[in-house]
1. Working only within the range 52-105, note down all residues that are open to solvent by 20 Å² or more (accessible area, probe 1.4 Å), touching a Ser or Thr at 6+ places or on another chain (Cβ under 7 Å) and of a type in the set (Ser, Thr, Tyr).
2. Does any residue of the range 106-113 turn out to be closer than 28 Å to Gln181 by Cα, open to solvent by 30 Å² or more (accessible area, probe 1.4 Å) and either in a helix (DSSP H, G or I) or in contact with a strand residue (DSSP E or B) (Cβ under 6 Å, 6 or more places away or on another chain) (or both)?
3. For the range 178-187, state whether one or more residues are polar (S, T, N, Q), at positive phi and part of a loop (DSSP other than H, G, I, E, B).
4. Residues in the range 183-196 that are within 20 Å of Lys154 (Cβ to Cβ) and in contact with a Phe, Trp or Tyr (Cβ under 9 Å, 6 or more places away or on another chain): how many?
Amino acid sequence: MLATLVYDIRNSRYLNITGRCTLRCQFCPKQQGSQQVRQYQLALDKQPKAAEIIAQLGQVSEYDEYVFCGFGEPTLNLSTLLEVAHTIKQRGGRVRLNTDGLANHFHRRNVLPELAACVDALSISLNAQDEGLYQQHCQPKLAGSWQALLTFIKLAPHYIAKVQVSAIEGLDGVDMAACRQLVEHSGCEFKHRYLDIVG
């Protein structure tokens, strides 16, 4: 079966550029044995190169935006992300990145300046108001991920104009009001999401 590298939800084209992730979120379909989002099978057997994605972009005028969001953390395939995003911008398109906010932690440098050159909007997953719940629900692979995420959330608006940070209603113990307060205090917009509703 051919890997699904691009898929459409409403009037946006989503780009699936890696199956790797820095988290093992217990609410992620992947952790529950599913490789599917809506009708799309998103399992990848390798990280695609930029040329493979660019070949499937289509006409940018037909889409409201292109969203880097698949079955992994897009910033783990950073070179492909940047090349594809720059191509979309050169063609007049709009780019959004869905991320777990651990890119700087993973790459051990601030990648926000590189993202700012080709990304219009960030959607960052917070998913908890404190470290204990974050560990419980998201199970990060890297030590220090909670603090790294908070730092990324505070840094992001200095580089990218539109930054949304989300939490999911329906996760045990998650206080949506506390999440909202944390996000807005960091200068970002809060996005209230609901468990099992994707896209």
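The values are calculated or read from the model by the stated rules, or taken from the named source; none is laboratory data. Owing to the predicted nature of the structure, the values given are computational and were not obtained by experimental measurement. Positions of Cβ are generated from backbone atoms using ideal geometry, with glycine treated the same way; all protein chains shown enter the neighbour counts. Please note that ligands, DNA and RNA were not included when accessible areas were found on the heavy atoms of the full protein model with its side chains. Shrake-Rupley method; radii C 1.70, N 1.55, O 1.52, S 1.80 Å.
1. Tyr63
2. Yes, there is a match, as at least one residue in the range 106-113 is closer than 28 Å to Gln181 by Cα, open to solvent by 30 Å² or more (accessible area, probe 1.4 Å) and either in a helix (DSSP H, G or I) or in contact with a strand residue (DSSP E or B) (Cβ under 6 Å, 6 or more places away or on another chain) (or both).
3. no
4. So the count comes out to 2.
Every residue, every condition in (1) touching a residue at least 24 places away in the same chain (Cβ under 8 Å); (2) over 29 Å from Arg10 (Cα atoms); (3) among the aliphatic types (A, V, I, L, M), yes or no:
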residue: Asn127; (1), (2), (3): yes, no, no
residue: Ala143; (1), (2), (3): no, yes, yes
residue: Gln147; (1), (2), (3): no, yes, no
residue: Pro157; (1), (2), (3): yes, no, no
residue: Val163; (1), (2), (3): yes, no, yes
residue: Glu189; (1), (2), (3): yes, no, no
residue: Tyr194; (1), (2), (3): yes, no, no
